[in-house]
Amino acid sequence: MIAKVIAYKTVVRDHLILAKPGIVLLVLIVALAGMYMGQRGLPSPYLVSVTLIAIGLATGGSAVLNNFIDRDIDRLMHRTMVRPIPQGRIQPNNALAFGLSLIAISICILLLCVNVISAALTLLSAFIYIIPYTLMMKKRTHLVTHVGSITGALPPVIGYTAVKAVIELEAVVMFAIMFLWQHPHFWAYAIKYKDDYNRAGIPVLPLSKGVRATVTKTLIYTIVLLPVSLLPYLLKMSGVFYLVLASVLGILYIALALKAYLSDNDNGKTLFIYSIVYISIVFFALVVDMVR
């Protein structure tokens, strides 16, 4: 009996690992911020619950399918070779069925309980991540980052449309912030794990163009991100608190990127960690200081 319980817990844990709960959590944070902006306050608990459950399922399902497609290269990289599929703890076909089921359930929830546009955007996000990003481009070109940044920038838009059922300027601004942020965020990650990517033959920017070119582009994107991150204040979406906090965080982001640019051996770790802190606080401040 005890052995069966332990085995069951292991299976549940392995399926959770496939769904990448850390990524799901970050997606839900920015999606909730989008809902707040659409409502100009907290929407009904029912709408928040069903929307976030659906977005979480779709995000998790996309991550599972990413694991399924990348199972060959995951065996080659140190950070991924311990995942459930490469280790043989979950069979590829089971992972495929699991991922597709999560996405299907997500879309059904949004269609039945929220609205068509949020369901369509969620399906679009999953499609871009699974087909163009993972299946078609990831193993071929470093330009895949630009495509992946689209799907990574859609969660606040999905949250916004779940409330308003229309894409307005506020949603576009949140998309722009997320889209620009995705690039330095991933490039720092790619620098950190460039040896792993090299073993798997994945042409990330640090391998295709070199670390120097990567930190240069990182610096450029952080500089562009600063004025774009201030648009919520300029468009009267938020107040002075957001303006000050976003400015300070953005300047610090540029300073860290400049430090990496001037360094001969930056490993991307500091930039990667800060990028997560940055986007979390920016969207938190956007919610706290929104203009009602």
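Quick rundown of the values:
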| quantity | calculated |
| --- | --- |
| 222 nm mean residue ellipticity, helices alone, for the chain (DSSP H n ≥ 4; -39,500 (n - 2.57); rounded to 500) | -24500 deg cm²/dmol |
| Distant-in-sequence amide H partners of residue 238 (H built 1.01 Å from N, under 5 Å) | 233, 291 |
| Loop trypsin sites (Lys or Arg not before Pro), the stretch 112-185, which have at most 16 other Cβ atoms in a 10 Å radius of their Cβ (DSSP) | 139, 140 |
| DSSP H segments from the chain that extend 30 Å or more along their own axis, Cα-based, with Kyte-Doolittle mean of 1.0 or above | 45-69, 92-113, 240-262 |
| Whole-angstrom Cα spans of the stretch 188-292 along principal axes, big to small | 51, 25, 19 |
| Nearest-0.05 FRET efficiency for residue 115 and residue 76, computed from C-beta distance (R0 30 Å) | 0.10 |
| Net charge, residue 188 excluded, C-beta distance under 13 Å - Lys, Arg +1, Asp, Glu -1 | +4 |
| Probe 1.4 Å - accessible area at residue 209, Å² to nearest ten | 130 Å² |
| Cα gyration tensor, the stretch 1-166 - rounded (a/c under 1.5), prolate or oblate | oblate |
| Rg [Å, one decimal], Dmax [Å, integer] - the stretch 119-211, C-alpha atoms | 14.8, 46 |
| Residues in the stretch 55-80 reached by a label modelled at residue 139 [backbone nitrogen below 20 Å; 7 Å Cα→Cβ] | 62-80 |
| Anisotropy class of the chain from Cα gyration tensor, a/c 1.5 cut | oblate |
| Filter on 192/236; 9/192; 20/138; 20/192; 20/139 - keep pairs with C-alpha separation over 29 Å | 192/236; 9/192 |
| Net charge of neighbours whose Cβ lies under 15 Å from the Cβ of residue 276, counting Lys and Arg as +1 and Asp and Glu as -1 | +3 |
| Under 19 Å from the residue 104 label point (7 Å along Cα→beta-carbon), backbone N, the stretch 62-84 | 62-69 |
| At R0 = 22 Å, FRET efficiency that the Cβ-Cβ distance of residue 42 and residue 284 yields, to 0.05 | 0.95 |
| Sites residue 209 and residue 94, calculated FRET efficiency, Cβ-Cβ separation with R0 41 Å, nearest 0.05 | 0.60 |
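The values are calculated or read from the model by the stated rules, or taken from the named source; none is laboratory data. Predicted, not measured: the structure shown is a model, and the values here were computed from it. Note that each Cβ is placed from the backbone with ideal geometry, even for glycine, and that neighbours are counted across all protein chains shown. Only protein heavy atoms, including side chains, enter the accessible area calculation; ligands, DNA and RNA are left aside. Shrake-Rupley method; radii C 1.70, N 1.55, O 1.52, S 1.80 Å.
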